[in-house]
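A quick write-up on the structure given underneath.
Here, each number is a calculation from the coordinates, and none is a lab measurement. All figures in this text were calculated on a predicted structure; none of them were measured in a lab. Counting neighbours? That spans all protein chains shown, and the Cβs are built from the backbone with ideal geometry, glycine included.
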Amino acid sequence: MSSSFNDLLSPLSRFRPVGDAVFNVLEGAELPEPFRGLLVHNGDMTSRLQSFHQCNIVLEVLASEVSGSVYAREVLLRSAATAAPVEYGAIEILPDEFEPELRTQILEGRVPLGGLLNASGVKYFSQPQAYFSVQHDGALGAVFGVASEQPLYGRCNVLHKECGKVFARIVEVLPSVALNE
């Protein structure tokens, strides 16, 4: 793995060991469906997952930490209908970039970031930096309850304001099991 790709994985590295996982950087067109349709876009994952699963998406914060001006959290997005995990995410957010009320909601961790941003009318842009498959070592697959021989697909993404200021870096990983049901 290149050092620049390792940098893109830094939100994930905060919470999950990635040393023994085998990541393959892919072009968006190389992702199989339905992963390509879910990951290769410049929008938020929350609304994309809601549309795909035809239900609301709820947030479960697995872990969080504050380091200086960065609020980092490890999350599962779940189907409100079945409680099945539909995305794993590791995210670094700069909460001071937001108005006090929205900052409080972000730190409370009750609603996915994309849902909060959309509901509050914040203009932002999603800019995927890399797509990947990962043959995980168990640590990442454990959050989905999948065996290590099943590849997972994901993306490294940044969110930024109209002025170009980045306010979030995210590693988003989809479960293979829930998507194939």
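Net charge near residue 90, counting Lys/Arg +1 and Asp/Glu -1 over other residues with Cβ under 14 Å of its Cβ?
Residues close to residue 90 contribute a combined charge of -2.
Give me the distance in nm between label points sitting 7 Å out from Cα along the Cα-to-Cβ direction at residue 69 and residue 118, one decimal.
Simple spin-label model gives 2.9 nm for this pair.
Name the residues of segment 9-31 whose amide N is less than 17 Å from a point 7 angstrom out from the Cα of residue 135 along the C-beta direction?
Counting only backbone N, you get 18-26.
Restricted to Cα positions, what overall size does the chain have along the principal axes? Three whole-Å values, descending.
The principal-axis extents, from largest down, are 44, 39, 29 Å.
Taking the simple approach of a point 7 Å from Cα along Cα-to-Cβ for both residue 96 and residue 158, what is their distance in nm?
Inter-label distance under the simple model: 1.9 nm.
Long-range amide H contacts for residue 84: which residues qualify at under 5 Å (H placed 1.01 Å from N, peptide plane, sequence gap of 5 or more or a different chain)?
Close amide H contacts, sequence-distant or interchain: 79.
What is the fewest-to-most order of 108, 149 by other Cβ atoms lying within 10 Å of their Cβ?
149, 108
Taking springs between alpha-carbon atoms closer than 10 angstrom, which of 90, 72, 81 fluctuates most in the Gaussian network model of the chain?
Of 90, 72, 81, the Gaussian network model singles out 81 as fluctuating most.
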